[in-house]
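Take a look at the structure below.
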Amino acid sequence: MALDLVVVGHVTVDRTPHGLRPGGALYAVSTARRLGLGVGLLTSFGPDFPEDQLPAGVEVATVASSLTTVFELDDTADGRRLRLVSRAADLEAGDLPAAWRHAPLALLCPVAAEVDPGLAESFPDASLGVTPQGWMRERQAGGLIAPRPWEDADVVLAHAQMVVASEEDVAPFREETIECFQRVPLAALTAGARGATLYVNGEPYHVAPDRTAEVDATGAGDVFAAALLVAYHRWGEPWEAAEAAACAAAASVGAVGVDGIPDAAALSARLVSYRARRGG
C-alpha cells in the first residue's frame, strides 16, 4: 500500500476514571485511515500495548522498548491533570524507514517529548503538520505533567506547513504560541466546545464548533489536526478544511476512545448538516 501520510509519535495506554484506553498517536492514525489514507506510523511501545487496537492496514515501524508510554488522567476542579507513569523509547530521524521520507503528508504528534525535533526535516516532499503538545510538557516530581515553553520551535517551524495546539496546552505561553502560528501558512488553536481559532498566513478567524453530546473528549485535538491536514491537502481551501476538522472532532467526542471518529462518508454528511446550520 502506498503511504499518503506518515504519523510520528507514541501510542499510549491512558489510565482514565473509566478504565484503561489506548491513545496518543492512535487518534491521528485512526482518523487518517477512516478517511481512506494509506498510513505509516513510527512509534515505540512495550509488550503491554494492545496492538490489535491499531487500525487494519497501517504500516508500523517500531523502536524497541520494554515500556509503553502510560498516562494517568484525572478530571479535577481546575481541569484535567496528567501524570506520566512510564515512557517508551525516543523516536529519531534514523528510525524512519527510507521509503517513508517521500510521503506527501507527515504529522509529528509527540506526547512526551519523544519525537526528535530534527525529524521535521526528514520529509522534504511532504506537507508537514505538527501538534507540539508533547514538546510543551515537563515531567515533575511523581510524574505530574506541567507546561513548559516550546524550546525547539524554530527547528520545527522552518519545515512545517501546519500547527495545531489547544488553548489548554498553550495557556501559560499564549503570546509566544500565537507568534509561532504566524510563521506557518495554516494553524489552529482549539478550544473544545467553543470551537477553534484558525490562522491563515497569520490572520485569525473563528471556527464554530459542530453540535455534539460529549461523551469522551480525549484525543479530539489529534482528530482535529489529522482531519485538518488531510482536508487542506485534498481541497487546498483552509476554511473548508477547518469546517471538516471541527465536524470530525465533534463526532469523535460523541463516543468513547476512537469509536466516534467518522469515515469519509459520515464526515461528508456531517459537514453538509453543519454548513446548513451555519447558513453556508
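Using unit Cβ charges (K, R positive; D, E negative) and no other charged atoms, how large, in debye to the nearest 20, is the dipole of the chain about its Cα centre?
Here the size comes out at about 720 debye.
What is segment 1-147 by shape, rounded, prolate or oblate, if you read a ≥ b ≥ c off the alpha carbon gyration tensor as root eigenvalues and call it rounded for a/c under 1.5, prolate for a/b larger than b/c, and oblate otherwise?
Since a/c reaches 1.5 and a/b is larger than b/c, the shape of segment 1-147 is classed as prolate.
Using alpha-carbon pairs under 8 Å, 6+ residues apart, how would you state the relative contact order of the chain in percent?
Relative contact order, the chain: 15 percent.
Only Cα pairs within less than 10 Å get springs; with that Gaussian network setup on the chain, which residue of Cys247, Cys180, Cys109 has the largest fluctuation?
Highest fluctuation of the listed residues: Cys180.
Which net charge results for the neighbourhood of Thr16, defined as the other residues with beta-carbon distances under 13 angstrom from its beta-carbon, given Lys and Arg at +1 and Asp and Glu at -1?
Every neighbour counted, the sum reads 0.
Give, as a single signed number, the net charge of other residues whose beta carbon lies under 14 Å from the beta carbon of Leu228, with Lys and Arg counted +1 and Asp and Glu -1.
With Lys, Arg at +1 and Asp, Glu at -1, the neighbours total -4.
In what order do Asp222, Asp169, Asp4, Asp154 fall by count of nearby beta-carbon atoms within 10 Å, going from fewest to most?
With the fewest neighbours first, Asp222, Asp169, Asp4, Asp154 line up as Asp154, Asp4, Asp169, Asp222.
Using θ = phi - 60° and the Karplus curve 6.51 cos²θ - 1.76 cosθ + 1.60, what whole-Hz ³J(HN,Hα) does each residue of segment 193-199 get, with Gly and Pro shown as x?
Listing the rounded values in order: 5, 8, x, 7, 10, 9, 10 Hz.
Which percent of the Cα-Cα distances in the chain go past 28 Å?
29
Taking the beta-carbon count within 10 Å as an exposure proxy, list Leu189, Leu42, Leu3, Leu20 from fewest neighbours to most.
Final ranking by Cβ density, sparse to dense: Leu20, Leu3, Leu189, Leu42.
By how many nm would the segment from Ala61 to Ala191 grow when fully extended, if each residue of separation counts as 0.36 nm and the alpha-carbon distance is taken off?
Roughly 43.6 nm would be gained on extension.
Rounded to the nearest Å, what's the spacing between the alpha carbon centres of segment 36-105 and segment 134-180? Just the number, please.
19
Taking Cα pairs under 8 Å and at least six residues apart, what relative contact order does segment 154-223 come out at, in percent?
25 percent.
What share of the DSSP beta bridges in the chain is antiparallel, in percent to the nearest 5?
Taking every DSSP beta bridge with both residues in the chain, the antiparallel ones total about 50 percent.
Counting Lys +1, Arg +1, Asp -1, Glu -1, what net charge surrounds Arg275 among other residues with beta carbon under 12 Å of its beta carbon?
Result for the local shell: 0.
Using the count of nearby Cβ atoms within 10 Å as a rough guide to exposure, how do Tyr27, Tyr274, Tyr205, Tyr232 rank from fewest to most?
Tyr205, Tyr274, Tyr232, Tyr27
Values quoted throughout were computed directly from the atomic coordinates according to the rules given, and no laboratory measurement underlies them. Everything quoted here is computed from the prediction, not taken from an experiment. Cβ atoms come from the backbone with ideal geometry, glycine included; neighbour counts cover every protein chain shown.
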